[in-house]
Amino acid sequence: MQLSTKHLLGIKYLTQDDIQLIFETADRFKEVINRPIKKVPSLRDVTIANLFFENSTRTRISFELAEKRLSADVLNFSSSASSVKKGETLLDTVKNILSMKVDMVVMRHPAPGAPRFLADHIDANIINAGDGTHEHPTQALLDAFSIREKFSSLKGLKVVIVGDILHSRVALSNIFCLKKMGAEVAVCGPPTLIPKHIETLGVRVFYKIREALEWCDVANVLRIQLERQDIKYFPSIREYTQYFGIDMPLLSSIKSDVLIMHPGPINRGVELSSEVADSDKAIILDQVENGVAVRMAVLYLLAAPRSASD
């Protein structure tokens, strides 16, 4: 079996069967990365360029580790130390890299739609590692994979995404992914951080964290992205924490057990208390481990048709 698409530009372009195939492939790779010898030769003849035009630690390291576990040749590119600073266009930058016979490009870019633009102009497989406030598909896949690991199925589960929905590419990709896999989805946050008409995506909206937690099975808590906010969307961090922060007294007062997730990095004491983040209610470190397996699966599946034609 193979994916229905040549690229991973967004969850929007994947089918339910695509997502299921990625999960099943990630299951096998998770076994691999827990063996004493963690490397397989699956992408031994594939060259992958990691192009990060925005700062990233977790996603870049996770992709790089996934690529090396698959025995790919890896080329890392940072725009801060490149000719982009001298005015070179995105297309020229990528064409220069591709002239080095690169097969796949993993790209993070501040402009929404940049991966789609590349996919329309070059032959390599493109994986979107985050484009502006648009999508972050591999994060959504690893989040959904982590939930599936705990509950065995996503169908019928109630998942609330809490926090800065307006500026979050993780939120949009999660909504698409969870809905496609049969989950019920809600968002929760200050009215100023909830996009207008988000209900048209088939999600519920909560403005009180207690109501959201009482409704859900899983809470995926997002970081407040102050670096993306050009105006003040709430009076103060202290006030945000008071109304939307999750601490252990609040969680303990909820009747049902709620699974806590966070894509990282965590602002401890803001969206989550340290006690919650480090508790057995949270699967934050599981998400990190699963990120490598899911990205291995995506890389392997996108490279499969290319390997078959060689």
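What follows draws every value from the coordinates through simple rules; no lab data is involved. Here the structure is a predicted model, which means the values were calculated and not measured. Because the Cβ atoms are built from the backbone with ideal geometry, glycine has one as well, and the counts that use them run over all protein chains shown.
Comparing Leu172, Leu75, Leu213 in a Gaussian network model of the chain, where Cα atoms under 10 Å apart are tied by springs, the biggest mean-square fluctuation is seen for Leu75. Residue pairs exceeding 28 angstrom between C-alpha atoms, taken from Lys68/Lys180; Lys12/Lys39; Lys101/Lys179; Lys30/Lys155: Lys68/Lys180; Lys12/Lys39; Lys101/Lys179. Once the Cβ-Cβ distance between Asn76 and Lys255 is put in as r, and R0 is 51 Å, what FRET efficiency do you end up with, to the nearest 0.05? Calculated value: 0.60.
The alpha-carbon of Lys208 sits under 22 angstrom from the alpha-carbons of these lysines, leaving out residues fewer than 8 places away in its chain: Lys158, Lys196, Lys232, Lys255, Lys281. For region 113-119, putting each phi into the Karplus relation 6.51 cos²θ - 1.76 cosθ + 1.60 with θ = phi - 60° gives couplings of x, 4, x, 5, 4, 4, 4 Hz, in residue order, rounded to whole numbers and with x for Gly and Pro. Mean-square fluctuation check for the chain, GNM, Cα pairs under 10 Å: which of Val170, Val102, Val162 is largest? Residue with maximal mean-square fluctuation among Val170, Val102, Val162: Val102.
Out of Leu201, Leu70, Leu51, any idea which swings most in a Gaussian network model of the chain, alpha carbons joined below 10 Å? Result for the chain, Cα springs under 10 Å: Leu201 fluctuates most.
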